Structures are given as structure tokens and as C-alpha cells.
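The values are calculated or read from the model by the stated rules, or taken from the named source; none is laboratory data. Keep in mind it's a predicted model, so treat the numbers as computed, not measured. Cβ coordinates were reconstructed from backbone atoms using ideal geometry, including for glycine residues, and neighbour counts include every protein chain displayed. Heavy atoms of the whole protein, side chains included, go into the accessibility calculation; ligands, DNA and RNA do not. Shrake-Rupley method; radii C 1.70, N 1.55, O 1.52, S 1.80 Å.
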Protein chains: 2
Amino acid sequence: MATRESSVREPRTGDAPVAEHAEPAQPATAAPVAEQGVEAHKAEGSTIQLDVAALGEQLMGRWAESRRASRELMRREDFHRIPTDDMHAQRERVLGQLGLLVAHGSVHRAFPKEFGGEDDHGGFIASFEELLLADPSMQIKSGVQWGLYASAILHLGTEQHHQAWLPDALDLSTPGAFAMTETGHGSDVSAVGTTATYDEASDEWVIHTPFRAAWKDYIGNAALHGKSAVVFAQLITRGVNHGVHAFYVPLRDENGDFLAGIGGEDDGLKGGLNGIDNGRLHFSQVRVPRTHLLNRYGSVDENGVYTSPITSPGRRFFTMLGTLVQGRVSLDGACVVASKLATTIAVRYGSERRQFDDGDDNEVVLLDYQRHQRRLLPRLAQTYAMSFAHEVFLEKFDGVFSGRTDTDSDREDLETLAAALKPLSTWAALDIIQEAREATGGQGFLAANRLTQLRADLDIYATFEGDNNVLLQLVAKRLLTDYSRSFAKADAGVMAHYVADQVNEAVMHRSGLRRLVQSVADFGSTARSVGYVRDTASQRQLLTDRVETMVAELAGKLRSASKLPKKDAAALFNRHQNALIETAKAHGELLQWEAFTEALEKVEHEGNRQVLTWLRDLFGLGLIEKNLAWYVIHGRLSDHRAQAITDYIDDRLLPRLRPHALELTDAFELRDEHIRADIATGQERARQEEAREYYASLRARGLAPIDEKDLLAAQKKRAV
Amino acid sequence: MATRESSVREPRTGDAPVAEHAEPAQPATAAPVAEQGVEAHKAEGSTIQLDVAALGEQLMGRWAESRRASRELMRREDFHRIPTDDMHAQRERVLGQLGLLVAHGSVHRAFPKEFGGEDDHGGFIASFEELLLADPSMQIKSGVQWGLYASAILHLGTEQHHQAWLPDALDLSTPGAFAMTETGHGSDVSAVGTTATYDEASDEWVIHTPFRAAWKDYIGNAALHGKSAVVFAQLITRGVNHGVHAFYVPLRDENGDFLAGIGGEDDGLKGGLNGIDNGRLHFSQVRVPRTHLLNRYGSVDENGVYTSPITSPGRRFFTMLGTLVQGRVSLDGACVVASKLATTIAVRYGSERRQFDDGDDNEVVLLDYQRHQRRLLPRLAQTYAMSFAHEVFLEKFDGVFSGRTDTDSDREDLETLAAALKPLSTWAALDIIQEAREATGGQGFLAANRLTQLRADLDIYATFEGDNNVLLQLVAKRLLTDYSRSFAKADAGVMAHYVADQVNEAVMHRSGLRRLVQSVADFGSTARSVGYVRDTASQRQLLTDRVETMVAELAGKLRSASKLPKKDAAALFNRHQNALIETAKAHGELLQWEAFTEALEKVEHEGNRQVLTWLRDLFGLGLIEKNLAWYVIHGRLSDHRAQAITDYIDDRLLPRLRPHALELTDAFELRDEHIRADIATGQERARQEEAREYYASLRARGLAPIDEKDLLAAQKKRAV
């Protein structure tokens, strides 16, 4: 095993002074953001005043102090990604930056006080998410080291393991790998091929890779830096397989060479995150002491007898995996940060760049185009929704991990929340960054403006820490379980009532009666027909009703599954797999909407409340518009109301929000050192001003050439 | 200016023998594709036999010979991108590869016979598109050299220019830049800031960059390799600005240093296409002879008098730009090639990789999951639609550029086709590659499997050669013009009839009458209700009706524009900009659907016709499903029929097509040297087989451990 001396990392750059601790959090009545070194724009064309500082404070959330401390550190150049570094340089730099994080005391927070930590789970995740601003590779490599490797020792191991291995994991003396995924098994962890077989004779585990598909793969720290690993393998003792458990396995000696029986490969260049040395590992009858089983949820004694505090192998497995939910929490939060960065860049450029004239010889600012607003403002609304939803998620996570609210049902809720939000936010971040890239044209394609690299790095977020499509199926299954539970409790009367409701509804929908009534009431008044969906209660009703109806429909279709042989039940589920996933998405979107709405209710400043209400409406109506066919087919919206939603977005919400777009991104409180995109830090404005002054000066001096068109028009006039 | 000797490029690698000419095109009755070295899969679970060779032949299209010759060349390793090369190495390698293309005689085809060409425009583009398989950077850098720089000399210049500059442009003695775009003006070319002012005294043009925003930017060959440029500038003579014209301007001397008055910058690292040395250029009173104006569409004599064969400055400008449409043609085709590559990789991996068991202890092949089918099969259908639509596009292009069908209206149609298809296919390619990446999980993120780099390279296709959102507005304007033209011709009677129709329709829709009638007829029979939309005529009617209705609605809303002051008219258009773009998209999708349907009608093989019909239905119904809300709100589909479309896709089309997925990608005729993705060339299959054999052997030898679950179940049984 590595000695501490051999792997302590020194900061790569010198001794630039840096605040060891965060600046104190800004109170709600903070100084204008401009004084904090953050851009402060004023709305033109709106009479509403925003309190950007208060809005920023709200977005920062409960762990504002941790976030701000982390952001302050991420302003330092020695944490920033260097775009032109090749893979090798990136890997070394990021490893050095992990050492810097240790030096700045940024990594212990989530760990017990006895190991120098603060038992502060929410604060740890919050500060960790902000690392993305400097380099997503650094964020994820930190995640491997402290969020996965060290956390597995903490949560799956027991006292002896903590004492033995946590200190070196925390201070990076032992860079570690989290060896769970295999080439042949990613999302289906329970089927990994690696085995850990107990050998009574030597009182050791024999870790073994039986075939190529069972090689550990995509493992961060595996290609180069990992000295040890937490290896997930099928625990076999006395001829029985007790399922997947975690084992502590030293990987490399002091020279960085693999120990006997261990081999591996470099995953090589990837689509992004090349600051992480992902690689493959395989084990040929590698022996470790019996005590290297991380035995919080399952132990083996010297006779090979297995015991566990959790009797059901299924529940035990999910409990073990559940301790790793923080990966999903932090990816969700990182995507919020990335979306804030991308929208800031695109909105700033869109507020300065001009293209095509307005019919009056003035070139139009991009964000004054309706299409440009349609592209950016709903994504800004989504970023806000994701930010508020993440705060709810983080609260839940902190409650469970601090033990404050840690019942089985809390843990179940937390996992469902993770499985619902992580897919939505990882996909949304890719979409938002891509739209920002396209909305900034050729500039957006240059490395100097960061968007392409950000997207490349975040690409894998959609499929790691649980493939999005797999996670959403977990959500759907939970929704179905809850649904069937509510029936199990229902007495016959309630059941009959429910069935009657369903029948009535079916009749109503099929004949189009409900819609027809609505149509008549709406007739002729767009304002009134949209008035209905504009208010909070109606949006909630529409969004909730869709989720509930989809769940009920699915439950009806899958009702027979419990009576079928396993294989036929699986086939039945598969025939509705797409609907399952769409239902889970609808549920996740509702959670985001509820979080946004809840945040809205806390806003005290009148201007903020007004603008945030429009933004929430844009988010909510956008969800309804996206699924408009469902609402109309199911009789929830009349044709007229359905059409009015699009008109209301285009004609009312976009023009109202447009003047506040810059302020809404100012509230993200990103400084120039976080943004680091040429086009978002003043360059474009200077270019536009210079060009306008040039033409103005030409005209003033009578040196502007006449346009051939104007000449021809003048000649025609003379001829007449 | 560079001498020929100084810049002739030698192939970087040695003298590996290579066929100078293509293999002869395969006749329609070709040998099985397996004999051509292409994978040949058989459908399992379907009784239908496909003739994959015939299907492949149809996809290859009219310029099959050119395509196959280019593909044969692209099998050579010395054309392949090296994933680990840094930007500098990539740039040098790609320049060398352009030299190789010259050596192989691949680049002259589109040019006149007197310059060694064949006047074969369609064949040139077809062969050029296939370069993408080796490296998109090589494709685009070739496009800069021959498709833009040399083509501008050919199409905008006259005889003297051809004689003077084409030979060196064609054989790469003079690498050239196409200096149109400026930092401040991309899509709005007519507003570029660079000026070319005629100086009578010296009989020269003075090329000048008046401010920073007028620097030429993103220009391929500008950072390093360009010896000369075609520079677009405002032509000013005798105090009149005659609009943008092209000028031939030498850039660098034999040592590669900028000539006097010329400066520039490297655009540096980009999100992709780093084999191209994009850069910036600026000109300080740079003088070139009067004869350096490429004067096909506008000349200036020694007295500074301007003349042009096209009187209208507007039409003249669009005619000049129109000669450059081949950029859009070839991007459309390149996206078809990229989509074929991505779907091949994802479908192959999806046919081998297994995940989660089927309830019967067998792991399920990914492509047997409904969701996986939903993700990949519609994108496969779209790839076919794009391929057939591109063939129509290429025919039109070849007709115009060969002079065979070259009327004003042909040119106008060609440009509209370009503006409609290029946005759809560039966006689709990004979507298809991304879904392929996610569908292949962690493997898809590795550079070894190519998808991430392919996506990164194609990212910029969405905004170069015309920003997609700008191009679609051109399409919408054309649709509106055609619409108003048809009214201009209409007599009062027709007009009244039309108005009456509109009113009736409005009444019908508003009251929901038409839909209600349909609903009753459909009641209870999903099969019958989907029968309606399944046939070709109904799909056509639905898709066409939507485009026509959207155009008519827009025309109604924009009717007053012609009477408004320019600025107010622009504002009115802006209020409907999003609808304009959506209308143009609908039109482009209809064109793709028509092309697919037309191709279908030519299929003789019964099995091919059946499977392609399902694939076309999947494409067509997919379009309708995507816009389902529109169809229901506008009374075109009853709720019942609308719902039946999704069911029909999920329950019928996907299961029918799934067995043929591999064959449908086999028909793309990509060889292993084109695919070059580890997971699509047999590796995964071998891993799966090894794993299955391992477990089978354990069981056979009685060495498999008992599962704790099974043990518990057995104990329970015993206890009872």
C-alpha cells in the first residue's frame, strides 16, 4: 500500500495568498451585487425594479456560505482548466488541484469530526458542486476520491476501517478508486461478475475476475493515480453467494506499479472529463485479509459464516447502494451550476450582439428577436426551476445523512427524488449548453468561450451514476407501488367510487363533452381562456392531474403483471416501458414546478415576486405546451385554451421577461473569473460601439458612400 | 504569392499501393454484401427476407460510383483521424491529407475539363461527402479549398481569373481562404464592414478593415496555411457602394509570413474540427490590381465606372451568394453519412450488449427493450428519410450547376431546398449521434468508439454555411411569397371561395364538430382508427395540410405588413418569428417524407418494400406524433386517432422493424475501416459469449455458488 509520503500532492503553483475561509455570507439586505464584483445590469423597457442581491441570496440557498467559500476559491487561476492542455497534462494538473483542495481544507466537511470533518453533508455537496466552475474534471475527480471512495469506506465500512483508511483517503495520501462498474455491467450492479470468495484456510478473501466482461471499467483513478480501491464483488462463502459487497483492495506499490495479480488498462481519451484517469482493472486470485470486507451491512467470521443486520438480500443490496446517493445529488447540483454558467454567457452575448437591421438602419440586438427569446428565456426559467428543486433535494439529503430525518420512508423518498431529478437536470444541462452554443454562433464554438468543452464534459452525466433511462424506471416503479398501496388501504366503498370516477371520466373524454363545455365558455376570449391556466392552482392541477392519470392508466395496463410468470410480467412491463419513462419524467417535472412555486411563495420583494412569477409561469406553461396533445386528448384543455397557451408565452411572457434577462442571470452571482468566456465579459459590447461610432463618424464627415440602391431609387424619382 | 513549389504537399506516409480509381459500381444484382467485406446480418424473428444489396444500391443513389470510389479511398489508414493528435498535429496531418486527395485525383471532378475536371457537380459533392468517414476536419478543409475558395474563383470570376488562379487552387499549390464572415457579421453577409475602394490614380483596389468587428473571422486556412484569399468586401467606386463583391487577395509570402498590410490571429482551439486552422484576418489599406475583382457579376473599368449584368443590387447579391449553395448541399449529405455511421454503431452494440435479466435468468439484448427501440429505430427511419431527401437535393443541384435545368425558378427552388434541408439534417445528425452515444453508455463516451468526436465536429454544422434559424426564415418567406403569388393570380371568385372555406373551417374547428364526427366513427376500434393514418395518401394529406394551414394562418397575420412602415413591418414579422420557423420546419419535414415515399415507390423487391414501408410509416407517423397537439387542436385528428398513433408505433411498427434493424444498417455498406468503433466490430459479442460460457461451465461442473435468495426460499419451504 502507498505510504503517505509517496503521494501527498503539492499545489502546483506557488504561494498566492488566498482566503482560507469564505467571505461571510451576504445578508438578505446585502450591498448591490456590483460591489461584490458581480455584473449589475439594469432593466430597460420595464418599470419593475428587481432586488438582484436578494434574488441571488435566495438562489444560493441554505448552504450559501459553503457555496460562496467554494466560489471564492474557484476564482483562483490555479484551479482553472487550461483548454489547450492535452490529456496527460490535464490529468496531472487535476491531481495537483485535488491536493490544493486538501490544502485549503475544502474536502473534509462531510466526514466525522474525529477525522477533521464537520458532519456537514449538505454543505459538503454544495461546495463540491461549485468546483464545476473551475473544471468539471476536478469536480468529478474530487467526487471519485471523497464522494465515492472515501464515502464508501465511511458508509459501508465500520470503525476499524475508518481508523485505518479514512485519514489517508481524506488528505489524498491514498488516491482511491471506486471499482463498481464493469465492462459488462453498469446500471445492473447486482450482476457484476467479479467474485470475492472466502478462503477459511488463510482467513482471506480471494478477489477474482472470471472473464473479460467482468473487468472493472471507466473507473476514475484506475489508469494512473489509484493506490487502493473499494472493489464491489459477489461475496461467496461456504458455497453461497450473498450478493454484491465492497472490499478494500490495495492496487499499486510505492512506485505506482500494480501489485501481484492486479492488471489494468487505460480507458484512454474520452469525449470529455479528460482530467480524470479512467481505466480498467482486473484481479487474478488477489488475496486480502478477511477484515478488508467493508462490513457494515454484512460480515463473515473466521469460520466463513455470513451475518447481516438486514435479512433480505434485496433490501440489503439497495441499502448499501443507497449510501451512494450523494453522487446523484451532486450531479444534479453541478448541472444547475453549469446551466447558470451557460445561460449567463448566452444572455450576455445575446444582449450585446446585433444582427440584421430593424427596417430603420439600426441593427437589432439578438435578444430582441422573438426566436432568440424563445430559445433562451424558457431555458433560463428551467435553470431557476432546477436550482430551486435542487435545494429541496439537498435539504432532503442532508436530513437523511445527518440522521435528522432518517426513516426508511425518508431514504426511499430521497432515492426517488434522486432518480427523478438527476435525469431531468443532466439532460437539461446538455440542452441548455447546446442552445447557448448555437445562440452564440461561431463564437460559441471557440474554446475561448467555454461552451463546447462544458458540454463535452457533462455529456457523460446523462449515463453515469445511473443511466437516466434506468433511473426513470425506478421512479415509475415507485409511483406504481404508491398507487397500489393506496388501493390496498382503500375499503370497498372508496374503490367503487374510484372506479365510477374513472368510468365517468372515460365517457366524458371519449365523447369530448368536457372539452366542448369548456370551448363554449371560452369562446371569443383569449384573455379569459388563458386566465384559467395562468394561476398557480390551475397549473398545479394540470401538472398533477397528468401524473396521476398516467400512473392510473399504467397501473390498469400492468394490473395483470402480479399474476403472470416472471418472464411474462417482464414482457408486459417492456411493452409499456416508454410510457413508464414518460410518466416518471412528468413526475420529475412536477417536482421541479412545485419547488419553483414554493420558492416563489417565500419572495418578499414585490418586483422579484412579479418577475419570478412570470418566470415560473413560463416554466409551467412550457411544460403544459410540451405535452399539449396529452392535455387536449384527455379533455383537460379545450382547443381554444390549448392554443392560447402558446400565444400567451409568445405575446406576453417573453416580452415581459426580456428586459429582466440580464438581471436574472446577474442573480447567479458569477464573476468574470467564473465565466471566463470572452464574449460574456465586455468584448462584444466594445466591438459594437466601435463599429457604430465608425459609421456615425463617416456620416458626420460626409465620407459615407451612397448605397447603389438609394442611388437607383433617386434616379427613378428624377426620371418620374 | 506562393510559388507552386513551396506549397505542394507530399503524402505524409509512404507509398502504400492504392487503387487510383474506384472499384466499378456494383450492379443492382450485386453479390451479397458479405462478399464486399461488409457485415451481413440475418433477421431473426421475422419471416421477411430483405435484399440488402439492392437496398444498399438504392441508398447509394445516382452517384454511387463516385461515392464508392471515395469510400474505398477512405478505408486507407493515412486518411483517418488520429484521436490523440493535438491541434497542431491535426492541422498538419489534414493539410497533408488534402495533398493525398490531389495525388489520388479526387478533387477536380466539379471543375471544367480544361482544368483537368469533368464538369461533374453531383459526383464531386457525393464523393466529397464521404470524406467525413475518415475525418470531418478533412472534409471541411477540402470544402474550404475546393468547395469555397476554388469555386468562388470559378463561379464569381471570369476566364482570366480561371487561367491565373484555378490550377494552383486545384492542386493545392495555393491553399486558399474564403474570407466572407466577419466577427460582427455572419449570417448577414450584406452588412460586412470590410471595404474595397477603387483608386483610379493607381488602377487598384484598396482593401481595408475599418474596425475590429470587421475582421474576417472563423476563416479556414487563415491561421496558417492560406497563401491567398477570396475576400468579400463592400465595393466602393466613385463614392457609391455597389454592395458586397469578391476580390482575390494574396495573403502570405513564400515563408508563410503575412504580406504588408495584412494581419491576423489564430482562432485557436475549437469545440471540434481542430484539423482546420481557422483564423482571423484584417487588412490595412491593402492594394491589389483592379483585375483582382472577381467580375462575373460586376465590373469596374479604369475610370471607376461600375457595370453589372444584373441591374438590381439585391438580386445581384443573391445571385452571387447562390453560386455557393454547394456548401449547404454537402453539409446536408455529410450529415446523412454521419447519421449512417452513428446508427450503425448504436444498432450493432444494441444488438449484442445485454442488460438486466428477463425474469428467466437470461440477460436481455438492449435492442429488445421497447425504450431502446423507441430511441434508435425512429432515428434510423429519419436517417433513411434524410438520405433519400438528399438524393433529390443533389439531383436538383446537379441540374442547375450542369446547366441542364438552370432557370431562375430552378435556382430559387434549389436555394429553398438547401435552406429547408440543411437545418433539419444538421440538427438531426447531432440528435442521432447523441442518442447513439447515450444508447451505448460509457462505451459511447470513449474516443475509441468515435461518437463523441463525431458530434463535436458536427456541432458547428448547425450554425455555419447559414445559421439554421436564419435559413428556415428564408424558407418561410419563400412559402409566404408563393402563397401570395397564388392569390395574385386568383380572380375574385376563387378568393371568395377560399375565404368561405376558411370561415367554415374555423367554425368547424371551434365547435369541435369535425372531430366529434370522427370520434363517433372511430369509437371502439383502434385498428380502424389507425388504418386511416397508416396509408400513404392520409399521411401525405395530414403533413401537407399542416404546412398549408400554417402558411395560410401566417399570411393572414402578416397581411398588413406590406402597408406598414418598414420598421413596423419588421416588428410584425418578429412577433411571428417563432411560427415562421416552425412552418419552415414542417415544410422541410414534408419534403423529406415525400422523398422517402418516392423512393419507396421505386422498390421492386417485395421484402424491401414491406420493411421500407414500415420504416417510412415510422418516419411519417413520428412527424405527426411530434405535432399531435396541432392536429388535434386543428380538428385534423380525433382524440382517438391521435392516441392510436402512439400505440401503433409502440405496438406494431417497432416490433416489426426490430428484427431488421441490423440489416437496415448493413445496407449503409460501411466497412470496419469506416466504422472504426471497437464496440461495433465484434468485440462486444465476444465478451458476451465468453461470459455466458463461463457461467454455463460453472453450472455444468457443479461449481456455481447457491444464491442466498434461493437458499432463503428453500429454507422457508422446509420450515413450512
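Give A:E130, A:E118, A:E44 a once-over and let me know the one that is of a type outside the set (F, W, Y), in contact with a Lys or Arg (Cβ under 6 Å, 6 or more places away or on another chain), farther than 30 Å from B:P83 by Cβ and not in a helix (DSSP H, G or I). Walk me through how you get there before you give the answer.
Numbers: A:E130 fails: not in a helix (DSSP H, G or I); A:E44 fails: in contact with a Lys or Arg (Cβ under 6 Å, 6 or more places away or on another chain).
Only one candidate qualifies: A:E118.
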Legend entry - Every pair of residues 6+ apart whose Cβ atoms lie under 6 Å, when the first sits in the range A:418-437 and is touching a residue at least 40 places away in the same chain (Cβ under 8 Å) and in the same structural domain as A:V475 (by TED's automatic domain parsing) while the second is of a type in the set (D, E) and in a helix (DSSP H, G or I): A:L421/A:D332; A:K422/A:D332; A:S425/A:D332
Legend entry - Every pair of residues 6+ apart whose Cβ atoms lie under 8 Å, when the first sits in the range A:297-324 and is touching a residue at least 24 places away in the same chain (Cβ under 8 Å) and within 12 Å of another protein chain (Cβ to nearest Cβ) while the second is open to solvent by 20 Å² or more (accessible area, probe 1.4 Å) and of a type in the set (S, T, N, Q): A:G298/A:T307; A:G298/A:S308; A:Y306/A:S299; A:S308/A:S299; A:R316/A:S308; A:F317/A:S190
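To keep it simple, each residue is scored yes or no on (1) away from chain A (no Cβ under 12 Å); (2) out of contact with any Gly (no Cβ under 7 Å at 6 or more places or on another chain).
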site: B:A177; (1), (2): yes, no
site: B:D188; (1), (2): no, yes
site: B:A191; (1), (2): no, yes
site: B:D203; (1), (2): yes, yes
site: B:P210; (1), (2): no, no
site: B:W215; (1), (2): no, yes
site: B:G226; (1), (2): yes, no
site: B:T237; (1), (2): no, no
site: B:Y248; (1), (2): yes, yes
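Can you tell me which residue among B:L417, B:L446 is farther than 20 Å from B:Q592 by Cβ and either open to solvent by 10 Å² or more (accessible area, probe 1.4 Å) or touching a strand residue (DSSP E or B) at 6+ places or on another chain (Cβ under 9 Å) (or both)?
Working: B:L417 fails: farther than 20 Å from B:Q592 by Cβ.
Of B:L417, B:L446, the one residue that is farther than 20 Å from B:Q592 by Cβ and either open to solvent by 10 Å² or more (accessible area, probe 1.4 Å) or touching a strand residue (DSSP E or B) at 6+ places or on another chain (Cβ under 9 Å) (or both) is B:L446.
Okay, residues lined up against (1) on the phi > 0 side of the Ramachandran plot; (2) part of a helix (DSSP H, G or I); (3) in contact with a Lys or Arg (Cβ under 8 Å, 6 or more places away or on another chain):
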{"residue": "A:Y297", "(1), (2), (3)": "no, no, yes"}
{"residue": "A:N303", "(1), (2), (3)": "no, no, no"}
{"residue": "A:R316", "(1), (2), (3)": "no, yes, no"}
{"residue": "A:L321", "(1), (2), (3)": "no, yes, no"}
{"residue": "A:V337", "(1), (2), (3)": "no, yes, no"}
{"residue": "A:V347", "(1), (2), (3)": "no, yes, no"}
Legend entry - Subset of the range B:601-622 (residues that are of a type in the set (A, V, I, L, M) and either open to solvent by 10 Å² or more (accessible area, probe 1.4 Å) or part of a loop (DSSP other than H, G, I, E, B) (or both)): B:V603
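Return the total of residues in the range A:253-274 being away from every other protein chain (no Cβ under 14 Å) and either closer than 24 Å to A:F464 by Cβ or under 31 Å from the mean Cα position of the chain (by Cα) (or both). I'd like the intermediate steps shown before the answer.
First, pick out the residues of the range A:253-274 that are away from every other protein chain (no Cβ under 14 Å): A:253-264.
Then keep just the ones that are either closer than 24 Å to A:F464 by Cβ or under 31 Å from the mean Cα position of the chain (by Cα) (or both); that gives A:262-264.
The qualifying residues number 3.
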Legend entry - Odd one out for A:G682 among (1) at positive phi; (2) within 14 Å of chain B (Cβ to nearest Cβ); (3) in contact with a helix residue (DSSP H, G or I) (Cβ under 8 Å, 6 or more places away or on another chain): (3)
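In this structure, is B:V507 modelled with pLDDT under 90 and more than 13 Å from chain A (Cβ to nearest Cβ)?
Values: modelled with pLDDT under 90: yes; more than 13 Å from chain A (Cβ to nearest Cβ): no.
Here the answer is no, as B:V507 does not meet what is asked.
Considering only the range B:696-709, state which residues are open to solvent by 80 Å² or more (accessible area, probe 1.4 Å) and at the interface with chain A (Cβ under 9 Å from one of its Cβ atoms).
Residues of the range B:696-709 that are open to solvent by 80 Å² or more (accessible area, probe 1.4 Å), as a first pass: B:699-701, B:703, B:706, B:709.
Residues satisfying the conditions are B:I706, B:K709.
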Inset, instruction - Sort out which residues of the range B:664-720 are under 30 Å from B:R616 (Cβ atoms), modelled with pLDDT of 90 or more and not in a helix (DSSP H, G or I), and write them in order of number. - result: B:A667, B:F668, B:E669, B:L670, B:R671, B:A677
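Select from the range B:318-361 the residues that are hydrophobic (A, V, I, L, M, F, W, C), within 30 Å of B:L294 (Cβ to Cβ) and modelled with pLDDT under 95 and list them in ascending order.
Step one: filter the range B:318-361 for residues hydrophobic (A, V, I, L, M, F, W, C), giving B:318, B:320-321, B:324-325, B:329, B:331, B:334-338, B:341-342, B:345-347, B:356.
The next check asks that each one be within 30 Å of B:L294 (Cβ to Cβ); those that pass are B:318, B:320-321, B:324-325, B:329, B:331, B:334-335.
Result: B:F318, B:M320, B:L321, B:L324, B:V325.
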Inset, instruction - Considering (1) under 25 Å from A:V230 (Cβ atoms); (2) open to solvent by 10 Å² or more (accessible area, probe 1.4 Å), say which one A:G333 fails and leave the rest. - result: (2)
Legend entry - Selection from the range A:203-240 of residues that are of a type in the set (S, T, Y) and closer than 13 Å to A:G176 by Cβ: A:S228
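Give the residue, chosen from B:L367, B:L293, B:L341, B:L324, that is open to solvent by 10 Å² or more (accessible area, probe 1.4 Å) and of a type in the set (A, V, I, L, M). Show your work before the answer.
Numbers: B:L367 fails: open to solvent by 10 Å² or more (accessible area, probe 1.4 Å); B:L293 fails: open to solvent by 10 Å² or more (accessible area, probe 1.4 Å); B:L341 fails: open to solvent by 10 Å² or more (accessible area, probe 1.4 Å).
Criteria check complete, one pass: B:L324.
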Legend entry - the range A:51-91 - residue that is aliphatic (A, V, I, L, M) and open to solvent by 20 Å² or more (accessible area, probe 1.4 Å) and, of those, nearest to the other protein chains (Cβ to nearest Cβ): A:M87
Inset, instruction - Return only the number of the condition from (1) open to solvent by less than 10 Å² (accessible area, probe 1.4 Å); (2) modelled with pLDDT of 95 or more that A:G268 does not satisfy. - result: (1)
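Is one or more of the residues making up the range B:208-216 more than 25 Å from B:L269 (Cα to Cα) and either out of contact with any strand residue (DSSP E or B) (no Cβ under 9 Å at 6 or more places or on another chain) or at pLDDT 95 or above (or both)? Write out each step before concluding.
Step one: of the range B:208-216, the residues more than 25 Å from B:L269 (Cα to Cα) are B:208, B:210.
Remaining after also requiring either out of contact with any strand residue (DSSP E or B) (no Cβ under 9 Å at 6 or more places or on another chain) or at pLDDT 95 or above (or both): B:208, B:210.
Yes, that holds for at least one residue.
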Inset, instruction - Please indicate, with yes or no, whether at least one residue in the range B:663-681 is of a type outside the set (D, E) and exposed (fewer than 14 other Cβ atoms within 10 Å of the Cβ). - result: no
Legend entry - Restricting the range A:579-593 to residues that are closer than 15 Å to B:Q370 by Cα and open to solvent by 20 Å² or more (accessible area, probe 1.4 Å), the residue that is nearest to the chain's Cα centre (by Cα): A:E582
Inset, instruction - For the range A:226-237, state whether one or more residues are part of a strand (DSSP E or B) and surrounded by fewer than 20 Cβ atoms within 10 Å (Cβ to Cβ). - result: no
Inset, instruction - Pull up the range B:442-463, narrow it to residues that are facing chain A (nearest Cβ under 7 Å) and outside any helix (DSSP H, G or I), then point me to the one that is modelled with the lowest pLDDT. - result: B:T463
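Against the definition (touching a residue at least 24 places away in the same chain (Cβ under 8 Å) and either closer than 30 Å to B:V365 by Cβ or among the acidic types (D, E) (or both)), how does A:E159 come out, yes or no?
On the way: touching a residue at least 24 places away in the same chain (Cβ under 8 Å): no; either closer than 30 Å to B:V365 by Cβ or among the acidic types (D, E) (or both): yes.
No: the conditions fail for A:E159.
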Inset, instruction - Please give the number of the condition B:F111 fails out of (1) farther than 30 Å from A:D86 by Cα; (2) open to solvent by 20 Å² or more (accessible area, probe 1.4 Å). - result: (2)
